[in-house]
Amino acid sequence: MELERKNNDETNMAGNEVEQKKHPLLELVQAIVIAFLIAFVIRTFIFQPFWVPTTSMVPTLKVDDRIIVNELFMRYGEIERGDIMVFRYPLDPDIIYVKRMIGLPGDTFEIQDDGIYINGEQLHEPYLKQDHSYEQLGPFVIPEGSYFGMGDNRQYSADSRYWGFIPEDNFIGKAIAIYWPLANAGQIK
């Protein structure tokens, strides 16, 4: 009797093992679906690619650079002076812009012939590769919940000097890396 029960148990265990094995094609399809879902979540809620179509951020970002934007930054990060941010253009939210944040909420902002002044002190901008001449602007105080963005290629940048402040709600995320072309790939500073 004991021997019979043992044989039946072994048969059931072997039968269960056969039932638990999946067809290799089904496993492949499941792996692809899971990978797609993970990629979808990452692309939709965490990182998103964008294309740079203009010269406004040269030399930091060049025409046709492809960048990765950290969207999670808007939930857990705080925009700092010098951050390169991607946002919806304040005058037409269907258009996406990328600019460096120069003025923060509450700053007293002024542009003089020799440079930009924040709260009375000249802003040091090591990311600019050449000297720029500026038209005077200000002084004014940047309202709470708003930012002042400028392109690194100041001569050829349509930015806050021309169309005003960027509302905090317009931000999509922080530009963190260039991924294409490979010759330009790397972290954005």
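How do the pairs read when you match residues in segment 53-70 that are crowded, with 17+ Cβ neighbours inside 10 Å with residues anywhere that are charged (D, E, K, R) and in a loop (DSSP other than H, G, I, E, B), using Cβ under 8 Å and keeping only pairs 6 or more apart or on different chains? Cβ pairs passing all conditions: S56/D152; S56/D159; M57/D152; V58/D152; T60/D152; T60/K189; L61/D152.
Tallying residues that are at pLDDT 70 or above, within 20 Å of I176 (Cα to Cα) and surrounded by fewer than 16 Cβ atoms within 10 Å (Cβ to Cβ) within segment 33-52 yields 2. Every condition in (1) under 19 Å from I68 (Cα atoms); (2) at pLDDT 75 or above; (3) part of a helix (DSSP H, G or I) is met by Q30 except one, and the failing one is (1). In segment 116-131, the residues that are β-branched (V, I, T) reach residues that are assigned to a loop (DSSP other than H, G, I, E, B) and modelled with pLDDT of 90 or more with C-beta atoms within less than 9 angstrom, at least six apart or across chains, in these pairs: I116/L123; I116/E125; I118/R81; I118/L104; I118/D107. If a residue has to be closer than 12 Å to R81 by Cα and assigned to a strand (DSSP E or B) to count, how many in segment 106-127 make the cut? Of the residues in segment 106-127, 1 are closer than 12 Å to R81 by Cα and assigned to a strand (DSSP E or B). Residues that are part of a loop (DSSP other than H, G, I, E, B) and touching a residue at least 40 places away in the same chain (Cβ under 8 Å) within segment 132-147 comprise just one, G145.
Answer yes if at least one residue in segment 113-120 is in contact with a Lys or Arg (Cβ under 7 Å, 6 or more places away or on another chain) and either surrounded by 14 or more Cβ atoms within 10 Å (Cβ to Cβ) or of a type in the set (G, A, S) (or both), and no otherwise. Walk me through how you get there before you give the answer.
Initial filter on segment 113-120 (in contact with a Lys or Arg (Cβ under 7 Å, 6 or more places away or on another chain)): none.
So far as segment 113-120 goes, no, none of its residues is in contact with a Lys or Arg (Cβ under 7 Å, 6 or more places away or on another chain) and either surrounded by 14 or more Cβ atoms within 10 Å (Cβ to Cβ) or of a type in the set (G, A, S) (or both).
Does E125 satisfy the criteria of being closer than 22 Å to P105 by Cβ, among the charged types (D, E, K, R) and at pLDDT below 95? It is true that E125 is closer than 22 Å to P105 by Cβ, among the charged types (D, E, K, R) and at pLDDT below 95.
In summary, D152 fulfils each of the numbered conditions (1) surrounded by 17 or more Cβ atoms within 10 Å (Cβ to Cβ); (2) among the charged types (D, E, K, R); (3) over 18 Å from P53 (Cβ atoms) with the single exception of condition (3). Scan segment 160-189 for residues that are within 15 Å of L104 (Cα to Cα), assigned to a loop (DSSP other than H, G, I, E, B) and touching a Phe, Trp or Tyr at 6+ places or on another chain (Cβ under 8 Å) and jot them down. If the condition is that a residue be within 15 Å of L104 (Cα to Cα), assigned to a loop (DSSP other than H, G, I, E, B) and touching a Phe, Trp or Tyr at 6+ places or on another chain (Cβ under 8 Å), then F165 is the only one that fits. Here D94 clears all of (1) out of contact with any Lys or Arg (no Cβ under 9 Å at 6 or more places or on another chain); (2) assigned to a loop (DSSP other than H, G, I, E, B); (3) more than 17 Å from G145 (Cβ to Cβ) except the condition numbered (1).
The values are calculated or read from the model by the stated rules, or taken from the named source; none is laboratory data. Because the structure is predicted, anything quoted here is derived from the model rather than measured. Ideal geometry is used to build each Cβ from the backbone, glycine not excepted, and the neighbour counts take in all protein chains shown.
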